[in-house]
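Novice: One structure is given below, represented as structure tokens, and several questions about it will come after.
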Amino acid sequence: MKNTVINFRAFLVVASAVLLTVFCLYVYLLNVTVGIILFVVLIAMIGVGFTVILYKTVKGRIRPRVAAAFGLALAFSVSAFSAGAAFCGKWYNCYGYDGYCSVSGRVCAIDVSTGRYRIVLEELTLNGDDVDGKMRLKISVSDKNTAEFVRYGDVLSFGTVVSAVKLIESGIINGSAVRSDIRYNAEIDPESIVLRPGEPKALEKFTASIKNLLVENMGDVYGNIAYSMLTGDKYSLNHGISDYYSAAGLGHIMAVSGLHIGFLIMIFNLILCKLSRKIRYPIIGCVLVAYTVIADFSPSVVRAVIMAFISGLGVLIGGRRDLLSALLCAFSLILAVKPYYLFEPGFLLSFGAIFGIALFSGSVKRFFDKHGSSGKVGNTVGGSVSVAVGILPAQAYFFGNINLLSCVLNAVIIPYVSVVFISVICLLPIAAVPGCGAVLYICKYLMIPIDKIAYGFSMLPFINAGKLSGAVFCCYPIMFFGSGYFMFPKSKTAVVLYSAAACATVFLVCII
């Protein structure tokens, strides 16, 4: 093992294969024939590698886990390409409805805050045909606005000009549209709507009751921020608020992620502490699955839940817990089913943050420990710095700015955010009791400092990187080579420098 270049992780092989498959899918969207050829070549290479390694495994020359890694890489790659090609075909069908259409659809999201009237329709019928996907509907404001009376489950019918959302445009895949499944946009006059009352689904009733409870007792601004923190649903959140939270580097607290899942696990571990692990963990697992459904299977929460299950399984069976392996497993599983999520900001920010922690938090902690700092300081600073480094490429690519103080802000404010989140979770059941909603005032006043700090930090100078090309993501291999997982200390500096030069070359070529 002395000559091992990289500390072996089975899912590092799988994740690399899936990444290459998604690249083949990207080419497939640009040119079907070339994309298929590239994928066939990729599968042939993985297949040959798997066959050779399997033979050596049978002969006892290679460990079985290496063969298992290549076998999973083959299976996950085929799954990812098949799912991506099928999804692409279904999405392209929507282009045939680009123009005037008679529309009918069921209301599944409503936003009438701050004078805006936006509705999302599902179960769509266009020109009498049942179609996949959802439609985002903007309704112009008038004295008599039918949108004010729309409720979840109602069916709206109207005629209007429909604009089909492009899956890929100017070489960029619309990851946000893929995540939300919004395939059509339209704008109409309220007088043209025919409304047929309907019944909301049980989950819609539940989430709407939570939202109403928060907004009624905490106000429109803080109620919607609290609701976004709980469910990850930012549809009713004022865009200005989202912008300054993102600019301050705190946008992640309003997207359900590992932070929230960690809080939930901690709360239920305390509640169920007297039960044995074999009973407690399955109960917590059911809670996490339910929370995933409430969060509408957000990529970040699915990632966090998969990693939590892997960690829990490791504790139960006595296996070694490894953050990078769990992260890569979740990464591979999600992309094997939803390959275009790779182009969604929330997905990349979520995985980038944990990738940074896996690579660098231990090194930063050891640095602070060596200089006499307490373990808590090392853990806090190490986590914040690692997250800031991990999300840097995605943040620069999607938002065009880099907040140099975000890691400092996160190190200070995350412990306080945990107090606010736990307070909202614990007080919501009490507030649901008639006449007890006022207890949420506590959460409102706890949330005010977070909001004011986020706004203040958003006003500070930050680096405006402008619009960067996708080559910025080449930084991730450089980070990996600079981490402890690359096991040639004498060659580490040279490898990092060569990788950085290659990344810079790719970046310049993409710009030119």
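Novice: Report, ordered by chain and residue number, the aspartates and glutamates lying within cross-link reach of Lys134, taken as a straight Cα distance under 17 Å and ignoring same-chain residues fewer than 8 apart.
Specialist: Asp98, Asp111, Glu122, Glu123, Asp154, Asp181, Glu187, Glu204, Asp233, Asp296
Novice: Can you flag which of Lys211/Lys452; Lys205/Lys338; Lys138/Lys444; Lys234/Lys452; Lys211/Lys274 are past 26 Å Cα-Cα? Walk me through the numbers on the way to the answer.
Specialist: Values: Lys211/Lys452 22 Å; Lys205/Lys338 28 Å; Lys138/Lys444 30 Å; Lys234/Lys452 19 Å; Lys211/Lys274 33 Å.
Pairs exceeding 26 Å: Lys205/Lys338; Lys138/Lys444; Lys211/Lys274.
Novice: With no solvent and one equal point scatterer placed on each C-alpha of the range 20-109, evaluate the Debye formula and give log10 I(q)/I(0) for q = 0.16, 0.20, 0.21, 0.22 Å⁻¹, two decimals.
Specialist: Each listed q maps to, in turn, -0.74, -0.93, -0.97, -1.01.
Novice: Taking every pair of alpha-carbon atoms in the range 41-175, what share in percent sits in each 10 Å bin, from 0 to the bin with the longest distance?
Specialist: Going from the shortest bin to the longest, the percentages are 10, 26, 21, 14, 13, 11, 4, 1.
Novice: Here's a follow-up. From largest accessible area down, sort Cys426, Cys286, Cys443; use a 1.4 Å probe on the protein chains.
Specialist: On the way: Cys426 65, Cys286 95, Cys443 0 Å².
Sorted descending by solvent-accessible area, the residues read Cys286, Cys426, Cys443.
Novice: Suppose R0 equals 30 Å; then what is the FRET efficiency for Ala438 and Leu405 from their Cβ-Cβ distance, rounded to the nearest 0.05?
Specialist: Details: r = 36 Å, r/R0 = 1.21.
With a Förster radius of 30 Å, E is 0.25.
Novice: Would you mind computing the Rg to Rh ratio of the range 173-315 from its alpha-carbon coordinates, Kirkwood style for Rh?
Specialist: On the way: Rg = 18.1 Å, Rh = 17.5 Å.
Dividing the radius of gyration by the Kirkwood radius yields 1.03.
Novice: Is there a quick way to get the dipole size of the range 6-142? I mean about its Cα centre, with the Cβ of Lys and Arg at +1 and of Asp and Glu at -1; what is the value in debye to the nearest 20? Spell out each step's value before the answer.
Specialist: Working: 13 positive and 7 negative charges, 187 e Å.
Charge dipole of the range 6-142: 900 debye, to the nearest 20.
Novice: How high is the FRET efficiency from Lys90 to Phe23, r the C-beta distance, R0 22 Å, rounded to 0.05? Intermediate values should be presented prior to the final figure.
Specialist: Details: r = 21 Å, r/R0 = 0.96.
So, using R0 = 22 Å, E works out to roughly 0.55.
Novice: With all pairs of different alpha carbon atoms counted, what Kirkwood hydrodynamic radius in Å does the range 122-235 show?
Specialist: Taking the inverse mean of 1/r over all distinct Cα pairs, the range 122-235 comes out at 16.3 Å.
Novice: Can you tell me the relative contact order of the range 123-253? Whole percent, Cα pairs under 8 Å, sequence separation 6 or more. Each step should come with its number before you reach the end.
Specialist: On the way: 143 pairs, mean separation 30.4, N = 131.
About 23 percent, as a whole number.
Novice: I'm checking a number: the convex hull volume of the Cα atoms of the range 383-444, normalised per residue, in Å³. What is it?
Specialist: Numbers: hull volume 6.9 nm³, N = 62.
Here the figure is 111 Å³ per residue.
The values are calculated or read from the model by the stated rules, or taken from the named source; none is laboratory data. Predicted model only: the values in this text are computed from it and were never measured. Every residue, glycine among them, receives a Cβ derived from its backbone with ideal geometry; neighbour counts consider all protein chains shown. The protein model used for the area step is the full one, side chains on, heavy atoms only, and it has no ligands, DNA or RNA in it. Shrake-Rupley method; radii C 1.70, N 1.55, O 1.52, S 1.80 Å.
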